[in-house]
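S.K.: For reference, the structure I am asking about is given below.
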Amino acid sequence: MDTAMDLSTTVALPADDHIRPFAVPALHLRGRVVRLGPLADAVISRHAYPEPIARLVGETLALTALLGSSLKFDGRFVLQAQSDGPISLLVADYANGGDLRAYCRFDAGRVEADEAPFGSGHLAFTIDQGADMQAYQGIVPLEGQSLTEAGEAFFRQSEQIPTRIALAAGEVLNFGAPMSDWRSGGLFVQHLPEAGETASFGDPGADTVVDQESDAWNEAGALVDTIEAHELLDPGLDADRLLYRLFHERGVRVFEAQAVNDQCRCSPERIEAMIAQFTEDEIRDMTVDGEIQVKCEFCGRDYRFDPTTFQALMTV
């Protein structure tokens, strides 16, 4: 079980790539803050996304880390958006232990024309508990709204737990360096269930209704509304100082920080197993100049295979 600490007793946090869980007992709140620096910059830069897409990918990384880090078992959280707007696919996943990745597929011409990123579509939240367990999935419609609005709608409709989310992503001049770096950050707070109730994200099947109009929750929402984007992105303002600014009058407690890693789950073994599922004709069609080439959309890594590896699936 995590041990709570007063902010006055904590050691200095690294500025980047971690999640800080916290609680504000006086307001019946529990939440998390995420700050992503080198990780966000690496994910965005390796794909050379245009600015509107880069910003959205950064926010997606932050939201996925905030939600995925609540998992209490060895599993994976997946956020996936699909729409008929300029963005056809936006996907990120967080593996228990802190491995985070993201990818976006988009129509460059429509983005350049300054269309809203999402048209009609949906946003899916999936908790993968492993091969021997049934996955849990929640879906909310996308009708042009932001990730923040869609995320809050998910919890309001499916979990019925009052939830507030703040997200930001942008390029920040890093301590006087000649080049700016992409950063992202976010804050996630929920109203704690009453004593004896256990509903929380990561607890599939929970059925708890929590009062969304309490004075404590209204105060919490007003405090969250004061957060500005630069506070979530400033490398000189760590998560603990941000939490102190927001909640010091009410008394905020923090828990052990969790590292977040720029780590893709692809591997030669995974790709080979995937190819082995294709038919003989499909494997032949994949073969170019005597080899099969596969590129991971997440990390951009190229894999090459000898078609004879799959000889058992092919007829002579």
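Values quoted throughout were computed directly from the atomic coordinates according to the rules given, and no laboratory measurement underlies them. This structure is a prediction, so every number in the text was calculated from the model and none was measured. Quick reminder, even Gly has a Cβ in these numbers, built from the backbone with ideal geometry, and neighbours come from all protein chains shown.
S.K.: In what sequence, highest mean first, do 265-271, 96-102 appear when ranked by Cβ atoms within 10 angstrom?
M.R.: Ranking the peptides 265-271, 96-102 by packing returns 96-102, 265-271.
S.K.: Convert each backbone phi in the range 257-274 into a coupling constant with the Karplus relation 6.51 cos²θ - 1.76 cosθ + 1.60 (shift: θ = phi - 60°), then list the ³J(HN,Hα) values in order as whole Hz, x for Gly and Pro.
M.R.: 5, 10, 6, 10, 10, 7, 9, 7, 9, 6, 6, x, 5, 5, 5, 4, 5, 5
S.K.: What order do you get for 22-30, 111-119 when each peptide is scored by the mean count of other beta carbon atoms within 10 Å, highest first? Can you show the working numbers first?
M.R.: Details: 22-30: 19.7, 111-119: 15.4.
Ranking the peptides 22-30, 111-119 by packing returns 22-30, 111-119.
S.K.: For the range 268-313, what number results from the quotient of the Cα radius of gyration and 2.2 N^0.38 Å?
M.R.: That ratio works out to 1.09.
S.K.: Let me ask you something else. Computed over the Cα atoms, what is the radius of gyration of the range 238-288 divided by 2.2 N^0.38 Å, N being its residue count?
M.R.: Dividing the Cα radius of gyration by 2.2 N^0.38 Å gives 2.46.
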